[in-house]
1. For the range 139-168, which positions are in contact (Cβ under 8 Å) with a residue 60 or more places away in the chain and either in contact with a strand residue (DSSP E or B) (Cβ under 6 Å, 6 or more places away or on another chain) or not in a helix (DSSP H, G or I) (or both)?
2. With respect to E116, is the statement that it is closer than 18 Å to S7 by Cβ, in contact with a Lys or Arg (Cβ under 9 Å, 6 or more places away or on another chain), modelled with pLDDT under 90 and charged (D, E, K, R) true?
3. From S23, S7, which residue is at pLDDT below 60 and under 16 Å from A127 (Cβ atoms)?
4. Since D157 meets every condition but one in (1) among the charged types (D, E, K, R); (2) out of contact with any Asp or Glu (no Cβ under 9 Å at 6 or more places or on another chain); (3) modelled with pLDDT of 95 or more, which condition does it not meet?
5. Scanning for something of a type in the set (G, A, S), under 29 Å from S168 (Cβ atoms) and either touching an Asp or Glu at 6+ places or on another chain (Cβ under 8 Å) or modelled with pLDDT under 75 (or both), does the range 30-37 turn up at least one residue?
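The values are calculated or read from the model by the stated rules, or taken from the named source; none is laboratory data. Because the structure is predicted, anything quoted here is derived from the model rather than measured. Backbone-built Cβ (ideal geometry, glycine too); neighbour counts: all protein chains shown.
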Amino acid sequence: MQSRTLSRELALLMLGQTSDRGSSAPALPTGMEGLLQQVLATLSQDVRESLDRSAEDLQAAQQQLLDSELQEQGEQQLPRVRQHLNAGLVAAEQALNRLSASLELPRLLMLADQEEVRLGAIARVEAVLRDRQAIDERLDRVMEGWRLTRLPRIDRDILRLAAVDLESFRTPPAVACNEAVELANRYSDEQGRRMINGVLRRFTAARSAAEA
């Protein structure tokens, strides 16, 4: 289960490096492996930048707390002390949030070397690129007055991956929908998460009705 989850996330990042038009393969001399390495290099850079920002936030928090300690005592100084303390706490919270988010990326980087994860990601990307136009048409049919092309790129790719999971990899509908929502929680926003959840519910219902 974990390997499939990681494969989906890695596939999502790989799709983000490809053209969003037609059903062409990535324009890289080394093909899918080259695309995968490009994504892993980007992830490594993101980890370094996130850790650097976390360190800067912690330094800012430390300075704010130090400034509050250096303030002269007295009732007239209390507002300034509170201001420094609050700013220090905000900076510390930002640092911890960045650090928490960045810890997930090394896990993905490390486990991306597993053959099952890599092959699963590549297979999903190939399936989307091969049939993207047909997948988009099927998703459009359940958009209810909306168009897939109007969604942010990341939301379109999450939906496409869920569709190939359902149609090509025989993933149970509940699992495919839950995985898509989890990806939306990490890479999209609340509006995108709700949209993805609703579209996939209608998509799976339409598939079930067609197979009945």
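1. Looking only at the range 139-168, we keep the residues that are in contact (Cβ under 8 Å) with a residue 60 or more places away in the chain, and these are 139, 141-142, 153-154, 156-158, 160-161, 165.
R141, V142 - these are the residues of the range 139-168 that are in contact (Cβ under 8 Å) with a residue 60 or more places away in the chain and either in contact with a strand residue (DSSP E or B) (Cβ under 6 Å, 6 or more places away or on another chain) or not in a helix (DSSP H, G or I) (or both).
2. Working: closer than 18 Å to S7 by Cβ: yes; in contact with a Lys or Arg (Cβ under 9 Å, 6 or more places away or on another chain): yes; modelled with pLDDT under 90: yes; charged (D, E, K, R): yes.
For E116, the condition - closer than 18 Å to S7 by Cβ, in contact with a Lys or Arg (Cβ under 9 Å, 6 or more places away or on another chain), modelled with pLDDT under 90 and charged (D, E, K, R) - is met.
3. Details: S7 fails: at pLDDT below 60.
None of the others qualify; the one that does is S23.
4. Condition (2) is where D157 drops out.
5. The initial filter retains those residues of the range 30-37 that are of a type in the set (G, A, S), namely 31, 34.
Those still in the list that are under 29 Å from S168 (Cβ atoms) too: 31, 34.
Adding the requirement that they be either touching an Asp or Glu at 6+ places or on another chain (Cβ under 8 Å) or modelled with pLDDT under 75 (or both) leaves none.
Among the residues of the range 30-37, not one is of a type in the set (G, A, S), under 29 Å from S168 (Cβ atoms) and either touching an Asp or Glu at 6+ places or on another chain (Cβ under 8 Å) or modelled with pLDDT under 75 (or both), which makes the answer no.
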